[in-house]
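*Asks:* Got a structure for you, written out below as structure tokens; questions coming shortly.
The values are calculated or read from the model by the stated rules, or taken from the named source; none is laboratory data. Fair warning: this is a prediction, and the values are worked out from it, not measured in the lab. As a convention, Cβ positions derive from the backbone with ideal geometry for all residues, glycine included, and neighbour counts pool all protein chains shown.
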Amino acid sequence: MRISKKFFTRDVLEVAPDLLGKFICRKFKDGSIQRNFIVEVEAYRGEEDMACHARFGKTRRNQVMYEEGGKIYVYLIYGMYWMLNIVTGGKADPQAVLIRGVEDLTGPGRVGKWLLLDKSFYGEDVTTSKRLWIEQGSIFGKFFVKQTSRIGVDYAGEWAKKPWRFVLVERRK
DNA sequence: ACAAAGATCCGT
DNA sequence: CGGATCTTTGTA
């Protein structure tokens with residue numbers, strides 16, 4: 001079952017950890033569907049968050065973050081990698097979750113490459129899209145959630161220290 | 001109009 | 001540790 005709007009319109013700090021273990025579902029051009037559960041995410045929260053793309057206010061690139069939760073925010077980084085984010089919160093409340101890793105595929109650049117993302121996904125809605133959506137996961141007692149600071153945002157000063165990265169770690173023995 | 005940096009990854 | 005590769009953004 002596809003996860004619906006209400007899930008994504010909550011605050012990003014609730015949505016981000018809740019996305020762990022959920023399936024990211026992608027229907028490719030040939031009709032095949034891949035489902036991989038999410039193992040690593042980061043929360044970016046509002047204009048005051050100096051690590052967030054909304055820190056300069058609304059711009060051409062980040063405008064979709066100001067929409068209601070559920071929209072897809074993709075952008076190209078280092079001229080090579082498409083980063084996948086899902087917008088959260090209400091309208092005019094710029095927040096998003098960066099999907100940094102799915103099962104067997106760690107690293108946001110690798111996720112985008114595997115899902116064959118590009119500019120055309122910008123602004124699409126995971127609650128209605130025919131090619132990218134989220135489904136309830138089936139992870140029970142095997143993992144626990146580890147919280148750390150966000151990766152690659154040293155420019156953000158004190159905000160870089162916020163424990164807004166969430167990772168699923170396999171419980172051992 | 002220009003320069004600089006970037007929510008990264010890979011090979012050496 | 002440096003190169004790839006190009007868009008976005010601040011500054012003038």
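*Asks:* Out of all the residues in region A:132-163, which are of a type in the set (D, E, K, R) and surrounded by fewer than 16 Cβ atoms within 10 Å (Cβ to Cβ)? Reasoning before the result, please.
*Replies:* We begin by selecting, within region A:132-163, every residue of a type in the set (D, E, K, R); these are A:135, A:142, A:146, A:150, A:154, A:158, A:161-162.
Scanning region A:132-163 gives A:GLU135, A:LYS142, A:LYS146, A:ASP154, A:GLU158, A:LYS161.
*Asks:* Scan region A:127-141 and tell me whether some residue there is within 16 Å of DNA strand B (Cβ to nearest atom) and either modelled with pLDDT of 95 or more or in contact with a Ser or Thr (Cβ under 9 Å, 6 or more places away or on another chain) (or both).
*Replies:* No, there is no match, as no residue in region A:127-141 is within 16 Å of DNA strand B (Cβ to nearest atom) and either modelled with pLDDT of 95 or more or in contact with a Ser or Thr (Cβ under 9 Å, 6 or more places away or on another chain) (or both).
*Asks:* Just to check your reading of the model, which residue among A:ASP18, A:ASP11 is among the acidic types (Asp, Glu), under 23 Å from A:THR148 (Cβ atoms), out of contact with any Ser or Thr (no Cβ under 6 Å at 6 or more places or on another chain) and free of Cβ contacts under 8 Å to residues at least 12 places away in the same chain? Can you show your working first?
*Replies:* Numbers: A:ASP11 fails: free of Cβ contacts under 8 Å to residues at least 12 places away in the same chain.
Sole residue among the options that is among the acidic types (Asp, Glu), under 23 Å from A:THR148 (Cβ atoms), out of contact with any Ser or Thr (no Cβ under 6 Å at 6 or more places or on another chain) and free of Cβ contacts under 8 Å to residues at least 12 places away in the same chain: A:ASP18.
*Asks:* Which numbered condition trips up A:LYS146, out of (1) in contact (Cβ under 8 Å) with a residue 12 or more places away in the chain; (2) more than 13 Å from the chain's Cα centre (by Cα); (3) farther than 23 Å from A:PHE7 by Cα; (4) outside any loop (DSSP other than H, G, I, E, B)?
*Replies:* All conditions are met except number (3).
*Asks:* Hey, among the residues in region A:78-100 that are near DNA strand C (Cβ under 10 Å from one of its atoms) and over 15 Å from the mean Cα position of the chain (by Cα), which one's nearest to A:ILE134 (Cα to Cα)?
*Replies:* Checked region A:78-100; the qualifying residue nearest to A:ILE134 (Cα to Cα) is A:MET80.
*Asks:* Give just the number: which of (1) within 16 Å of DNA strand C (Cβ to nearest atom); (2) of a type in the set (A, V, I, L, M); (3) assigned to a loop (DSSP other than H, G, I, E, B) does A:ILE72 not satisfy?
*Replies:* Tallying (1) within 16 Å of DNA strand C (Cβ to nearest atom); (2) of a type in the set (A, V, I, L, M); (3) assigned to a loop (DSSP other than H, G, I, E, B), A:ILE72 fails exactly one: (3).
*Asks:* Listed residues A:GLY79, A:GLY112, A:GLY90, A:GLY123; which is assigned to a loop (DSSP other than H, G, I, E, B), within 22 Å of A:ILE3 (Cα to Cα) and free of Cβ contacts under 8 Å to residues at least 60 places away in the same chain? Write out each step before concluding.
*Replies:* Numbers: A:GLY79 fails: within 22 Å of A:ILE3 (Cα to Cα); A:GLY112 fails: assigned to a loop (DSSP other than H, G, I, E, B); A:GLY90 fails: free of Cβ contacts under 8 Å to residues at least 60 places away in the same chain.
Selected residue: A:GLY123, the only one of A:GLY79, A:GLY112, A:GLY90, A:GLY123 that is assigned to a loop (DSSP other than H, G, I, E, B), within 22 Å of A:ILE3 (Cα to Cα) and free of Cβ contacts under 8 Å to residues at least 60 places away in the same chain.
*Asks:* Next question, about the same structure. Are any residues in region A:38-59 surrounded by fewer than 19 Cβ atoms within 10 Å (Cβ to Cβ) and hydrophobic (A, V, I, L, M, F, W, C), and if so, which ones?
*Replies:* A:MET50, A:PHE56
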